[in-house]
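Participant: Input: one structure, supplied below.
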Amino acid sequence: MSFIQFENVERRYIIGDNVIKAVNDISFSIEEGTFNVVLGQSGAGKTTVLNMLGGMDLPTKGTIFVGDEVVSKLDEKGLTTYRRDKIGFVFQFYNLVPNLTALENVQLAKEICKNPLDPKEMLERVGLAERMSNFPSQMSGGEQQRVSIARALAKNPQILLCDEPTGALDSETGRKVLKLIRDVARNMGKTVIVVTHNAPIAQMADMVIHMRDGQIHEISQNEHPQDVEEIVW
Amino acid sequence: MVKGALFKKSIKDMKKSFPQFLSIFIMATVAISIATGLDSIWETIDIQSNQLYQDTNLSDLWITVTNPSETKMWQVQNISGVEKAEKQFIVNSVAQIDGYPTLKVYAMPNKNTMDVPYVNYGKKLSKGGAILDQDFADANHLTVGDKLKIEVNNKKIEFTIEALAFNSGHIFAIKDNSSLLPNPSEYGFIVVDEDRITSAYGGVKMYNQIALRLNSGVDINTIQNQVDDIFGKKLVGISTKTDNRSMKMVTGKIQQFKILAKVFPMMFFLVTTLITFSTMIRLVEEQRNQIGVLKALGYSKGSIVWHYTSYGIYVGLLGALAGFFIGPNMIGKVLISKLRFLLTLPSYDLKLNIPNFLFNSILIILCTGGVSCYSCLKLQGEMPAVLLRDKPPKRGNHIFLERFPKIWSSMKFRSKLIVRNTIKNKFRLIMSILGVMGCTGLIIGAFTLFDMVSGISKTTYEKIYTYEQKVMLEDRTSDQDIKNLNLDGIIEDVEEGMIQITADDGTRRMVGVSVFSKNSPLICLQDEDGNRVALPENGIAMTRKLAQLMNIKVGDTINLKRSDDSYIGVKVEKLVYMATGQGIYMTNSYWEKIGEDFKPTALLVKWNHIDKNFLNSDYVKSYVNKTSQKSDFEGNLNTVKSAAFMLITFGGILAFVVLYNMGILNFFERVRDLATLEVLGFRQEEIRPLVLMENFFSTGIGILFGIPVGGVITNILAKGFGDDMDLIGHITIDKVLLAAVITIVFSTIVNFTVIKKIKTIDMLQALKSVE
């Protein structure tokens, strides 16, 4: 059995009189330690997949397995624990706490998990050794995103979920951030899932899940994922 | 059309931030309610009592003198500035009904026009009938047509009650200094024709008072001096409205409520302003983009500023209107109905002070509109393009505490976050502290107020007076008579009366004087700390409040006017504390030493065996049990109870509104952070303290600050009770603790609503862009 497994997962939203199937009967599996991209236009359902995988939303049908856990069966408390112990999040808009310094933002994650990694070391890894005592407002977007990555990794999660991590960055910075995610994850053996609408990013993934209208359009394996430097967008 | 769209926008905005605007509205309503309500009370007392003064044609000056001759009357009438002079006869009588209550008899010539009763029910006075005190009649179940026998000068005379009436001198109707509050079943007045009363005096017409009507603008002092000259030694006293116990009480009450109506709303005005400020600052910040759009569309600076200013004006205006209806009805009517026990007026119809209401309304609208205007002026300098762009993230700052790395690094990150947040939002912190402070202060004030007033009955009837019964003696009962009776119990004779005293600086005052033995077993005078004070042998004791009012210190000499009209200087040796009824005390031996006769007017008794025969004998005018004096007083604590209850209610509203607002503000400002934390896997109970700690913190500090505020409020309340009352409010630990507990309960309720709010956080919004 794969590390992550979606089986016939469906997520419906009822808005007024309309039933919207954001995700409609999808199944896929992801192996541990791989770098994966969920690709699709806005409205394709990719963020819903990420939310369910991240324990922020539950499917209306189907089953989600992560490791030995059935995530789709967890209650609210169970979901919180799941997020706390297994998931690292990298947000499109970084979501750093403005009143905490870079280091403190990373320590934030450390406080709540079982086997945290050293926050200073994490910041050094993302190249921010010099900026630890800076507040988010004193940092550029790229730097803020790197703090966010350090924060996600410091929790020592099994899965790193990135929602459009380069969405708010210019392409050069975006490339650097992606490279960082990829290198660090590879070194630490983390499973990474990046959600994006940016097709070229798919070239660096081990596996790409193409989504369209709430369904899986295509799943493709990359035998030879490209280095980030070679990708142009 | 343009205005219409913006108006719709303001209505929608207010709906969106409903709790905040509701808070402003409530605060404004409370501020105006208190101001208008309290104003309506003194306005009502003022108008209704003046109406009664007018209806009874109240005179300006009273000369106490026995049977003035026609020549003297003519002389008085010819003093320049005197418009009219009329002779009157006023004497106490005993009504021959259950309990033998006292009736003050006003016997006057038929042609008299001044100081006439205001007839409420019945007809005008005829030769044989009587006009009776309306309240007295009600309390004793008497009515027009009933016959009533009274005893004057030991003669019983029967009258038919022809009318029921009110009288200017009986608005605050207490018999003497020993009663603290009016009791209409025990004391009232009766107006009869002078001819009917002569039978009690062997057919001789009696007069003991001249009432004067003065021309307006006359100097009362020069009149007094001329009256002094005319009567010389025969003059017993001159009094004006300010000396009259009832009228003094009325003006005192008016003054008291005037002060309260100015002081109390202030805090609420301030809080309304601050809450409006915090709400509008947030609203304007949230609508940064919209302001940019409006500007880009070509709206002028003025119309945008007016748009946001109007939010404050609408809410302030609504609050003022609501306060106009709520204040008089909820505060005015309630308190006036309680004041009925204190003041007897023909009508309690509530009168509103419209000029003050308008002033207060304009003030509140200036407050709410002003800060709304200020809060949006800040953004007006920016270009539309700048406003349309996202706001840069809020700056984090290092705080002072971080300079002490030892403390700082030992703190958990959550504590750090709380401390930084709190310190960064000093405004919110100060607001919350202010709110809690006001709440605790008001509650402490309420408890102390209640304590102070109920303390009066405790000190007076439990500590100072230890007798069981007070027996008023007939004038002819002598000291020797009492001794001969061999009454079984502890008996003490006292002489009580009024005396004129003059301080060094010339201030004159008629005050109560009590004379009794040095080692009085049944009157235990005490100082303000409750220590027993023995009567001095060579000098007098004076009540503390009287000394303060007349600026007299221990060791000063004051002049007493003796019964032969000569003056004698006596030394004030001791100050004593009396909650109510300010005056002087001395021993019978000193009284005789300064040339007076000791002639007991009352007996204080602690019976071994109650002597019913004695009580019903001819020696006795009337008697009263201390327990009934005490319970009468305590039964009348209602006014104070409702006032205290109102204070606590206002305190509660203050705390609720402020803490809720600040809690919600704190929550809204940080909702994105909190959602992020939730995504990171923080549990509810780990997130809660981040928002709630600040509330706890400000509650704690606010309670501490509230203690001195409670002291100030207590002081204002105590001063408001007028010259006759000397109230001491002690802020005790138990009151503070109770106030703290109540405040904490309020704060906890608010916290629960904020917790509910935290549960509604939508994690997914954390993933969205900054709005």
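Where a number appears in this text, it was derived from the coordinates with a stated rule and is not lab data. Quick caveat: nothing in here was measured; it's all calculated off a predicted structure. Note that each Cβ is placed from the backbone with ideal geometry, even for glycine, and that neighbours are counted across all protein chains shown.
Participant: Given charges of +1 on the Cβ of Lys and Arg and -1 on the Cβ of Asp and Glu, with all other atoms neutral, how large is the dipole of segment B:59-240 about its Cα centre, in debye to the nearest 20?
Facilitator: 500 debye
Participant: Hey, any idea what Rg/Rh is for segment B:475-618, computing Rh the Kirkwood way over Cα pairs?
Facilitator: Result: Rg/Rh = 1.00.
Participant: Then there is this: Say the dipole of chain A comes from +1 at the beta carbon of Lys and Arg and -1 at that of Asp and Glu; which of A:HIS210, A:GLY43, A:VAL70 then lies farthest toward its positive end?
Facilitator: A:VAL70
Participant: Among B:ILE523, B:ALA446, B:THR460, which residue has its Cα positioned farthest towards the positive end of the charge dipole of segment B:397-539, with +1 placed on the Cβ of Lys and Arg, -1 on the Cβ of Asp and Glu, and the dipole taken about the Cα centre?
Facilitator: Final value for the positive-end residue is B:ALA446.
Participant: Can you return the aspartates and glutamates within cross-link range of A:LYS86? Criterion is Cα-Cα under 13 Å, with same-chain partners fewer than 8 residues away left out.
Facilitator: Excluding near neighbours in sequence, the set is A:GLU32, A:ASP68, A:GLU69.
Participant: Work out, step by step, the length gained on full extension between B:ASP98 and B:THR627: first 0.36 nm times the residue separation, then minus their alpha carbon distance; give nm to one decimal.
Facilitator: 188.6 nm
Participant: Distance from the Cα centre of segment B:402-440 to that of segment B:678-723, in angstrom?
Facilitator: 13 Å
Participant: Using only atoms on other chains, find how many Cβ atoms lie within 10 Å of each Cβ of peptide A:26-38 and report the average.
Facilitator: The per-residue average across the peptide is 0.
Participant: Give me the Kirkwood hydrodynamic radius of segment A:166-216 in Å, from all C-alpha pairs, to one decimal place?
Facilitator: Roughly 12.1 Å, rounded to one decimal.
Participant: Could you work out the relative contact order of chain A? I mean the mean sequence separation of Cα pairs under 8 Å and 6+ apart, divided by the number of residues, in percent.
Facilitator: Averaging sequence separation for qualifying contacts and normalising by length gives 26 percent for chain A.
Participant: Angle, helix A:171-188 long axis vs. longest principal axis of chain A, Cα atoms, 0 to 90°, nearest 10?
Facilitator: The answer is roughly 80 degrees.
Participant: Output the peptides B:580-592, A:109-121 sorted from most to least packed, where packing is the average of other Cβ atoms within 10 Å over each peptide's residues.
Facilitator: Taking the mean over residues of other Cβ atoms within 10 Å, the ranking is B:580-592, A:109-121.
Participant: When you look at the Cβ of every residue in A:88-98, what mean number of other chain Cβ atoms sits within 10 Å?
Facilitator: Partner Cβ neighbours, averaged per residue: 6.
Participant: How long are the semi-axes of the ellipsoid equivalent to chain B, from square roots of 5 times the Cα gyration tensor eigenvalues, in whole Å, largest first?
Facilitator: 65, 31, 23
Participant: In nm, to one decimal, how far is the modelled label at B:ASP504 from the one at B:THR113, with both set 7 Å along Cα→Cβ?
Facilitator: Computed distance between label sites B:ASP504 and B:THR113 equals 4.8 nm.
Participant: How about segment B:49-145: which GluC sites (Glu not before Pro) there are in a DSSP loop, with at most 13 other Cβ atoms within 10 Å of their Cβ?
Facilitator: Listed in order of number, the matching sites amount to none.
Participant: Ranked highest first by the average count of other Cβ atoms within 10 Å around their residues, in what order do B:670-677, B:210-217, B:413-420 fall?
Facilitator: Highest-to-lowest ranking by the protection proxy: B:670-677, B:413-420, B:210-217.
Participant: Share of antiparallel DSSP beta bridges in segment A:4-230, in percent to the nearest 5?
Facilitator: So the antiparallel bridges in segment A:4-230 amount to around 55 percent.
Participant: What are the radius of gyration and Dmax of segment B:411-497, computed over its Cα atoms and given in Å?
Facilitator: Reported Rg and Dmax, both Å: 30.1, 89.
Participant: On a straight-distance basis, which lysines could pair with B:LYS295 in a cross-link, Cα separation under 18 angstrom, same-chain partners fewer than 8 positions away excluded?
Facilitator: List returned: B:LYS3, B:LYS8, B:LYS9, B:LYS378, B:LYS391.
Participant: Could you give the Stokes-Einstein D for segment B:59-240 in µm² per second, using the C-alpha Kirkwood radius, 4 °C, 1.567 mPa s?
Facilitator: The calculation lands on 76 µm²/s.
Participant: On to the next question. How big, on average over all directions, is the shadow cast by the Cα convex hull of segment B:173-286, in nm²?
Facilitator: Projected area, direction-averaged: 14.8 nm².
Participant: Using only alpha-carbon positions, what ratio does the radius of gyration of the protein assembly as shown give when scaled by 2.2 N^0.38 Å?
Facilitator: Cα-based Rg divided by the globular estimate yields 1.37.
Participant: List the aspartates and glutamates whose Cα lies under 14 Å from the Cα of A:LYS46, skipping any in the same chain that are fewer than 8 positions away.
Facilitator: A:GLU10, A:ASP25, A:ASP57, A:ASP163, A:GLU164, A:ASP213, A:GLU218
Participant: How big is the gap, in Å, between the Cα center of segment B:581-617 and the Cα center of segment B:180-221?
Facilitator: 27 Å
Participant: Okay, next question. Translational diffusion coefficient, Stokes-Einstein: compute it for chain A using the Kirkwood radius over C-alpha pairs as Rh, at 25 °C and 0.890 mPa s, and state it as an integer in µm² s⁻¹.
Facilitator: Here the translational diffusion coefficient equals 137 µm²/s.
Participant: Which whole-number percent gives the relative contact order of segment B:59-240, counting Cα pairs below 8 Å spaced six or more residues apart?
Facilitator: Relative contact order, segment B:59-240: 38 percent.
Participant: Alpha carbons only, please: Rg and Dmax for segment B:280-414, in angstrom.
Facilitator: 24.6, 74
Participant: On to the next question. Please state, to two decimals, what the Cα-based radius of gyration of segment A:1-113 comes to when divided by 2.2 N^0.38 Å (N = residues).
Facilitator: 1.18
Participant: Which trypsin sites (Lys or Arg not before Pro) in segment B:71-137 sit in a loop by DSSP (not H, G, I, E or B) and have at most 12 other Cβ atoms within 10 Å of their own Cβ?
Facilitator: Filter output for segment B:71-137: B:LYS111, B:LYS123, B:LYS124, B:LYS127.
Participant: May I pose another question? So which GluC sites (Glu not before Pro) in segment A:1-34 end up in coil per DSSP with only 14 or fewer other C-beta atoms within 10 Å?
Facilitator: A:GLU31, A:GLU32
Participant: While we're looking at this one, here's another question. Given Cβ point charges of +1 (Lys, Arg) and -1 (Asp, Glu) and nothing else, what value in debye, to the nearest 20, does the dipole of chain B about its Cα centre take?
Facilitator: Here chain B has a charge dipole of around 4560 debye.
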